[in-house]
Amino acid sequence: EEIFLKSYFIDKDLVSNKQYKVFVDETKYVTRAEKNGYGMVKDNRWKKQKNASWQKPDGILSIKGRETYPVIQISYEDAEAYCKWAGKEVPTEDQWEKAARGPDGNIFPWGNSEPDDSLSNYGMLIGETSPVDFYKKGQSYYGVYDMAGNVWQWCRDRYVPGDDSRVVKGGSFLELGEDVFRSSYRDRYPQANSRFNFGFRCTCSKISP
């Protein structure tokens with residue numbers, strides 16, 4: 001099935017810690033993880049980690065010195081709040097996938113070859129997130145970074161109509177299987193869920209003067 005999209009802009013990079021801090025400082029916004037007093041962290045298994053939030057993604061280490069890394073421990077609601085503040089929106093699944101696949105419908109953002117450590121942060125190769133503009137060889141046709149690996153990215157679409165789960169795409173630094181990093185792959189999580197491998201980027205239909 002072919003889908004035709006209206007023109008839109010999408011952020012080249014994932015939203016960074018530095019950018020999210022500007023938003024929080026200006027609005028005094030409190031994220032879902034901060035309200036809950038915990039975020040989801042994976043060691044051998046996923047667990048609720050006390051005090052884990054965007055400022056301390058694993059509950060211990062701060063983001064100081066990691067300003068250019070993607071903001072994580074972000075729920076869909078937190079992503080939506082930032083995008084609205086910035087005059088933008090969370091991407092639809094179709095917008096996200098178009099930006100990842102390019103005009104030729106590539107399997108992966110960089111083309112049709114399998115992932116490797118020069119293209120993407122995946123499979124615990126470095127064991128954590130990486131700066132948002134690090135994998136230059138992994139950019140999509142449109143110059144968009146991290147459309148496969150680094151962090152899962154929220155999309156605006158509900159996975160099932162009427163359900164509170166939203167689509168996430170792109171995989172993260174944790175996953176190893178190739179299929180997860182295909183631009184067509186989709187998963188879902190409750191929109192209030194915040195994990196240390198969940199981030200986002202924004203779209204908009206026009207650029208403000």
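The values are calculated or read from the model by the stated rules, or taken from the named source; none is laboratory data. Not measured: the values here are computed from a predicted model. Glycine also receives a Cβ, built like all others from the backbone with ideal geometry; neighbour counts cover every protein chain displayed. The area values use the complete protein model at the heavy-atom level, side chains included, leaving out ligands, DNA and RNA. Shrake-Rupley method; radii C 1.70, N 1.55, O 1.52, S 1.80 Å.
Within region 21-36, is there a residue that is modelled with pLDDT of 95 or more, part of a loop (DSSP other than H, G, I, E, B) and buried (at least 16 other Cβ atoms within 10 Å of the Cβ)? Yes, region 21-36 has at least one match. The residue pairs whose first member lies in region 10-39 and is within 20 Å of Lys136 (Cα to Cα), whose second member is among the aliphatic types (A, V, I, L, M) and open to solvent by less than 50 Å² (accessible area, probe 1.4 Å), and whose beta carbons are closer than 6 Å, counting only pairs six or more residues apart or on different chains, are Ile10/Ala99; Lys12/Val144; Asp13/Val132; Leu14/Val132; Val15/Val71; Ser16/Val132; Asn17/Ile63; Asn17/Val71. Scoring Arg156 on the criteria (1) open to solvent by 40 Å² or more (accessible area, probe 1.4 Å); (2) in contact (Cβ under 8 Å) with a residue 12 or more places away in the chain; (3) under 20 Å from Gly105 (Cβ atoms); (4) not in a loop (DSSP other than H, G, I, E, B) leaves a single failure, condition (3). For Asp163, state whether it is part of a loop (DSSP other than H, G, I, E, B), more than 24 Å from Glu80 (Cβ to Cβ), over 17 Å from the mean Cα position of the chain (by Cα) and of a type in the set (Asp, Glu). Spelling it out, it is not the case that Asp163 is part of a loop (DSSP other than H, G, I, E, B), more than 24 Å from Glu80 (Cβ to Cβ), over 17 Å from the mean Cα position of the chain (by Cα) and of a type in the set (Asp, Glu). Taken as a whole, the structure places Gly123 among residues that are out of contact with any helix residue (DSSP H, G or I) (no Cβ under 8 Å at 6 or more places or on another chain), surrounded by 14 or more Cβ atoms within 10 Å (Cβ to Cβ), within 20 Å of Met40 (Cα to Cα) and not hydrophobic (A, V, I, L, M, F, W, C). Cβ-Cβ distances below 7 Å connect the following pairs, each with a first residue in region 72-85 that is closer than 12 Å to Thr203 by Cα, a second residue that is open to solvent by 10 Å² or more (accessible area, probe 1.4 Å), and a separation of six or more residues or different chains: Cys83/Glu89. The single condition among (1) in a loop (DSSP other than H, G, I, E, B); (2) open to solvent by 10 Å² or more (accessible area, probe 1.4 Å) that Lys137 does not satisfy is (1).
Would you confirm whether any residue within region 81-94 is of a type outside the set (A, V, I, L, M), more than 24 Å from Arg188 (Cα to Cα) and out of contact with any strand residue (DSSP E or B) (no Cβ under 6 Å at 6 or more places or on another chain)? So far as region 81-94 goes, yes, one or more of its residues are of a type outside the set (A, V, I, L, M), more than 24 Å from Arg188 (Cα to Cα) and out of contact with any strand residue (DSSP E or B) (no Cβ under 6 Å at 6 or more places or on another chain). Of all residues in region 48-104, none satisfies the criterion of being more than 17 Å from Gln153 (Cβ to Cβ), open to solvent by 50 Å² or more (accessible area, probe 1.4 Å), of a type outside the set (Lys, Arg) and part of a strand (DSSP E or B). Looking across region 162-209, the residues that are open to solvent by 40 Å² or more (accessible area, probe 1.4 Å) and under 22 Å from Lys6 (Cβ atoms) come down to Ser184, Arg186, Ser205, Lys206, Ile207, Ser208, Pro209.
Conditions (1) of a type outside the set (A, V, I, L, M); (2) without any contact (Cβ under 8 Å) to a residue 40 or more places away in the chain; (3) in contact with a Phe, Trp or Tyr (Cβ under 6 Å, 6 or more places away or on another chain), marked per residue:
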residue	(1), (2), (3)
Asn121	yes, no, yes
Phe134	yes, yes, no
Gly143	yes, no, no
Val168	no, yes, yes
Gly171	yes, no, yes
Leu174	no, no, no
Tyr185	yes, yes, no
Pro190	yes, yes, no
Arg195	yes, no, no
